[in-house]
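Here's the structure we're looking at; comments come further down.
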Amino acid sequence: MTGTPSTGTRNAPAAPDGPRTVPPFAAISGAQVQRVLRGRERQLVRLVEDTYRLHSDGHTLNPPSYFLRFPDRPDSRIIALPASLGGPRPVDGLKWISSFPRNVAEGIPRASAVLILNDPATGYPYACLESSIISATRTAASAASAADRLSSGRPRPRRVGFLGTGLIARYIHTFLAATGQRFEATGVYDVSADSAAGFRTYLEQHAEAHPASPAGHITLHTDPERLIRTSDLVVFATVAARPHITDPAWFAHHPLVLHISLRDLTPEIVLDSANFVDDVDHCLKADTSPHLAEQRRGNRDFIDGTLADVLAGRVRVPDDRTVIFSPFGLGVLDLAVGDFVHGEVARSGELHVIDDFFHELRRHG
Ligand SMILES: NC(=O)c1ccc[n+]([C@@H]2O[C@H](COP(=O)([O-])OP(=O)(O)OC[C@H]3O[C@@H](n4cnc5c(N)ncnc54)[C@H](O)[C@@H]3O)[C@@H](O)[C@H]2O)c1
C-alpha cells in the first residue's frame with residue numbers, strides 16, 4: 001500500500017479491481033441522512049427489493065449477527081451486523097446497533113446506531129454514518145414491500161392495526177402511505193398510553209400534511225384482541241422479548257401480519273399461518289417466534305418462502321390463510337441504503353471528509 005489520503009478529489013471508494021488508493025474517510029450525520037432519504041420512499045422500496053434479489057441470487061455475504069448482551073442489563077443489547085454486498089455497487093461494512101429500551105422513559109429513542117462502509121478494494125473504512133435512520137428506513141421499506149407483494153392476490157388491506165407504536169411503527173406508516181396504501185381505518189394499541197397517544201398525534205399530523213393519504217377513522221384500542229380482529233393488515237413493532245399473543249382464533253379472518261418485532265406470536269399462531277421471511281437461516285434464530293415454532297415442530301416446513309421468492313414469482317401467497325412476514329433484518333439492506341446516502345451526499349459536495357483520519361500510511365515511515 002503506497003497511497004496517501006486523497007483530500008476530496010475522490011469521494012467514493014475504488015472498484016474492487018481498480019487502482020488501490022486509500023479512500024477519504026467521511027462522517028455523515030443523521031441530519032444529512034434524513035435529508036437524502038426523506039420523500040424517496042418508492043425509490044428506497046425498489047432499492048431494498050433489488051438488494052433482496054441480490055441476496056437471494058448469492059451476490060451477498062451476510063454472516064450471523066453478533067449479539068452483545070449484558071448480565072447486569074438483561075433488557076439491553078448491542079448487535080453487530082457485518083455484511084458484504086455485491087452487484088453493481090459493491091460495498092462491505094458493519095452496522096453496530098444498540099437497543100436500550102429503558103431510554104424511552106427518559107425521552108431518548110431506544111435504538112442508536114452507526115454504519116461503517118468499507119472499500120472492497122482496500123478494506124479501508126471510508127464512511128461512518130448515523131444509522132438509526134438508515135435502519136428504520138430499510139426496515140420500513142422492507143415492510144412496505146411485503147405489504148404490497150404479499151397482498152397482491154387478496155383484497156388490498158383497508159384496515160390497518162399497529163401493535164407497538166414507537167419509531168419503527170411511525171416509519172412503517174410513512175412508507176405504507178408513501179407507497180400508495182390507503183386505509184379507511186387505523187387501529188392503535190400500545191401498553192404505554194403515552195406511546196399510543198403520541199402515535200395518534202403523528203397520524204393526525206401526517207393526514208393533515210398528506211390529504212391524499214388520510215388515516216381514516218383512528219381507534220385507540222385498550223386490548224390487542226379487538227385491534228387484531230378488526231384489522232386486515234396488522235403491524236407488530238413492540239419490544240416484547242417473548243410471545244404475548246397466544247390465541248389463534250384472533251386471526252380467524254386471515255389478516256396479513258407484518259411481524260417486525262419477531263417475538264410477539266406463539267408457535268401455535270405461526271404454525272397456523274403461511275410464513276414468509278427475509279432469510280430462513282437468519283430468522284430461525286435468537287428465540288424469534290418462527291424459531292420457537294421450529295423447535296415445537298421439529299422442522300422448517302412451515303416456512304413458505306422468502307420475500308425474494310415472492311418477488312421472483314417462485315412461490316404463491318395464499319389468500320385463504322393468515323400470512324405472516326417475519327424479517328430478521330439483513331445487514332446488506334443497511335449497506336445498500338448507506339451506500340445510496342453516501343453517494344448522494346458526495347454528489348451534493350457536502351461530504352465531511354476528515355483529511356488526516358488515516359495517518360500512518362508508509363509502511364517503513
Ligand atoms: N426486523 C427488523 O428488521 C427490525 C428492524 C428494526 C427494529 N425492529 C424491531 O422493531 C421493534 C420496535 O422498535 P422501536 O424502535 O419502534 O421501539 P420503541 O421502543 O420506540 O417502541 C416500541 C413500543 O412497543 C410498545 N410495547 C412494548 N411491549 C408491548 C406489547 N406487549 N404490546 C404492545 N406494545 C408494546 C412500547 O410501549 C413502545 O411504545 C423492536 O422490537 C425492534 O427490535 C425490527
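The values are calculated or read from the model by the stated rules, or taken from the named source; none is laboratory data. These figures come from a predicted structure and were not determined experimentally. Because the Cβ atoms are built from the backbone with ideal geometry, glycine has one as well, and the counts that use them run over all protein chains shown.
For residue 66, the stated conditions hold: it is without any contact (Cβ under 8 Å) to a residue 60 or more places away in the chain and in contact with a strand residue (DSSP E or B) (Cβ under 9 Å, 6 or more places away or on another chain).
Candidates 319, 309: the one that is within 22 Å of the chain's Cα centre (by Cα) and at pLDDT 95 or above is 309. Show the residue pairs that are 6+ apart or on different chains and have beta-carbon atoms under 7 Å apart, the first residue being within region 117-139 and modelled with pLDDT of 95 or more, the second being of a type in the set (Asp, Glu) and assigned to a strand (DSSP E or B). Going by the 7 Å Cβ cut-off, the qualifying pairs are 118/92; 120/92.
Among the residues making up region 284-321, those that are touching a strand residue (DSSP E or B) at 6+ places or on another chain (Cβ under 8 Å), surrounded by fewer than 17 Cβ atoms within 10 Å (Cβ to Cβ) and not aliphatic (A, V, I, L, M) are 314, 318, 321. Checked against (1) more than 19 Å from residue 28 (Cα to Cα); (2) touching a helix residue (DSSP H, G or I) at 6+ places or on another chain (Cβ under 6 Å); (3) not in a strand (DSSP E or B), residue 138 passes all but condition (1).
Selection of region 100-116 for residues being free of Cβ contacts under 8 Å to residues at least 40 places away in the same chain and more than 15 Å from residue 342 (Cβ to Cβ) yields 100, 102, 103, 105, 106, 107, 108, 112, 113.
Going through region 32-75 one residue at a time, which ones are among the hydrophobic types (A, V, I, L, M, F, W, C), surrounded by 14 or more Cβ atoms within 10 Å (Cβ to Cβ) and part of a strand (DSSP E or B)? Matches in region 32-75: 61 only. Between 294, 350, the distinction of being farther than 22 Å from residue 235 by Cβ and without any contact (Cβ under 8 Å) to a residue 24 or more places away in the chain belongs to 294 only. Scanning region 304-347 for residues that are outside any helix (DSSP H, G or I) and within 16 Å of the ligand (Cβ to nearest atom) yields 306, 324, 325, 326, 327, 328, 329, 330.
Here are some residues: 194, 190. Which one is in the same structural domain as residue 233 (by the TED database) and under 10 Å from residue 162 (Cβ atoms)? 190 is the lone residue from the list that is in the same structural domain as residue 233 (by the TED database) and under 10 Å from residue 162 (Cβ atoms).
Out of the residues in region 111-132 that are farther than 15 Å from residue 27 by Cα and under 15 Å from the mean Cα position of the chain (by Cα), which is farthest from the ligand (Cβ to nearest atom)? Looking at residues that are farther than 15 Å from residue 27 by Cα and under 15 Å from the mean Cα position of the chain (by Cα), I get 112.
Can you tell me which of 78, 108 is surrounded by fewer than 19 Cβ atoms within 10 Å (Cβ to Cβ), of a type in the set (A, V, I, L, M), in a loop (DSSP other than H, G, I, E, B) and not assigned by the TED database to the domain that holds residue 191?
108
Applying the condition of being over 17 Å from the mean Cα position of the chain (by Cα) and hydroxyl-bearing (Ser, Thr, Tyr) to region 230-245 and asking which residue is surrounded by the most Cβ atoms within 10 Å (Cβ to Cβ) yields 231.
Looking across region 261-285 at every residue that is within 19 Å of residue 149 (Cβ to Cβ) and assigned to a strand (DSSP E or B), the one that is farthest from the ligand (Cβ to nearest atom) is identified as 274.
Only one of the numbered conditions (1) without any contact (Cβ under 8 Å) to a residue 40 or more places away in the chain; (2) more than 16 Å from the ligand (Cβ to nearest atom); (3) not basic (Lys, Arg) is not met by residue 223, and that is (2).
Of all residues in region 172-199, which are polar (S, T, N, Q), under 15 Å from residue 218 (Cβ atoms) and more than 13 Å from the ligand (Cβ to nearest atom)? Explain how you work it out, then say what you get.
Of region 172-199, the ones polar (S, T, N, Q) are 174, 179, 181, 186, 192, 195.
Filter again for under 15 Å from residue 218 (Cβ atoms), leaving 186, 195.
Matches in region 172-199: 186 only.
Exactly one residue among 154, 102 is assigned to a loop (DSSP other than H, G, I, E, B), more than 8 Å from the ligand (Cβ to nearest atom) and surrounded by fewer than 23 Cβ atoms within 10 Å (Cβ to Cβ), and that residue is 154.
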